[in-house]
């Protein structure tokens, strides 16, 4: 079983990521290393390496592998950075970030998901990931500033606290739009100026919190 999962993982990297144009070897090696099936609930584990998002409970999902790879590639990480992830989910993207950056802080709104992810990441030996429970739309000020921030949920607009927590030259990758469809945007800090660029349409679960969607707007 372990061998077949490794084969499926290599196929995922080759066919879903590299073949679509993402060729950075550090990025590809991170996807080869992290066992995605261990971040997927058992009922969906047979689909762990499929080209699709999957439910992980509590109304949340683990994103399609290519979208995760694209978002991480847009951070332009080289290995020495401190990064922030908003939306820990099952911990899969945090594990990938742990392979790509020096220090990873990840914030999850749902306590149960955060606890499960923290235990999973620890068991797999990702010791440079620090899991927090909180309102991710506020970022995580105690460890700011960050060279990269990636948001795994859709915001109605870019949260100002995240822009403020970007280091010089830092990049924020975030889906911005309405509840159904968003643009994947990259914001980059240069002194007091922050420049933005849109990449492609996406569909993410809503970002919850002060600068995200309010609870009454989710129903």
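The values are calculated or read from the model by the stated rules, or taken from the named source; none is laboratory data. What you are looking at is a predicted structure, and each value in this text was computed from that prediction instead of being measured. Because the Cβ atoms are built from the backbone with ideal geometry, glycine has one as well, and the counts that use them run over all protein chains shown.
The residues on offer are 5, 29, 15, and the sole one that is under 30 Å from residue 169 (Cα atoms) and assigned to a helix (DSSP H, G or I) is 29.
Do the conditions hold for residue 91, that is, is it at pLDDT below 95 and out of contact with any strand residue (DSSP E or B) (no Cβ under 6 Å at 6 or more places or on another chain)? Against the criterion (at pLDDT below 95 and out of contact with any strand residue (DSSP E or B) (no Cβ under 6 Å at 6 or more places or on another chain)), residue 91 does not qualify. Test residue 23 against the criterion of being surrounded by fewer than 21 Cβ atoms within 10 Å (Cβ to Cβ), assigned to a helix (DSSP H, G or I) and out of contact with any helix residue (DSSP H, G or I) (no Cβ under 6 Å at 6 or more places or on another chain), and give yes or no. No: the conditions fail for residue 23. Would you be able to say whether some residue in region 47-63 is free of Cβ contacts under 8 Å to residues at least 24 places away in the same chain, surrounded by fewer than 18 Cβ atoms within 10 Å (Cβ to Cβ) and in a helix (DSSP H, G or I)? Scanning region 47-63, I find at least one residue that is free of Cβ contacts under 8 Å to residues at least 24 places away in the same chain, surrounded by fewer than 18 Cβ atoms within 10 Å (Cβ to Cβ) and in a helix (DSSP H, G or I), so the answer is yes. In this structure, residue 41 does satisfy being over 25 Å from residue 185 (Cβ atoms) and touching a strand residue (DSSP E or B) at 6+ places or on another chain (Cβ under 7 Å). Could you tell me whether residue 74 is closer than 23 Å to residue 187 by Cα, crowded, with 17+ Cβ neighbours inside 10 Å, touching a helix residue (DSSP H, G or I) at 6+ places or on another chain (Cβ under 8 Å) and touching a residue at least 60 places away in the same chain (Cβ under 8 Å)? The answer is no for residue 74.
Could you count how many residues in region 118-136 are buried (at least 16 other Cβ atoms within 10 Å of the Cβ), part of a helix (DSSP H, G or I) and out of contact with any strand residue (DSSP E or B) (no Cβ under 6 Å at 6 or more places or on another chain)? The number of residues fulfilling the criteria is 1.
Pull up region 146-189, narrow it to residues that are more than 18 Å from the chain's Cα centre (by Cα) and under 18 Å from residue 77 (Cβ atoms), then point me to the one that is surrounded by the most Cβ atoms within 10 Å (Cβ to Cβ). Filtering region 146-189 for residues that are more than 18 Å from the chain's Cα centre (by Cα) and under 18 Å from residue 77 (Cβ atoms), the one surrounded by the most Cβ atoms within 10 Å (Cβ to Cβ) comes out as 189.
For residue 89, the test of being surrounded by fewer than 21 Cβ atoms within 10 Å (Cβ to Cβ) and assigned to a loop (DSSP other than H, G, I, E, B) is failed. Of the residues 133, 173, 150, 158, the single one that is without any contact (Cβ under 8 Å) to a residue 40 or more places away in the chain and touching a helix residue (DSSP H, G or I) at 6+ places or on another chain (Cβ under 7 Å) is 133.
Would region 98-113 turn up any residue that is under 15 Å from residue 146 (Cβ atoms), in contact with a helix residue (DSSP H, G or I) (Cβ under 9 Å, 6 or more places away or on another chain) and part of a helix (DSSP H, G or I)? Steps first, please.
Step one: of region 98-113, the residues under 15 Å from residue 146 (Cβ atoms) are 98, 100-107.
From what is left, the residues that are in contact with a helix residue (DSSP H, G or I) (Cβ under 9 Å, 6 or more places away or on another chain) are 98, 100, 103-107.
From the residues that got through so far, the ones that are part of a helix (DSSP H, G or I) too are 98, 100.
The answer is yes, given that some residue of region 98-113 is under 15 Å from residue 146 (Cβ atoms), in contact with a helix residue (DSSP H, G or I) (Cβ under 9 Å, 6 or more places away or on another chain) and part of a helix (DSSP H, G or I).
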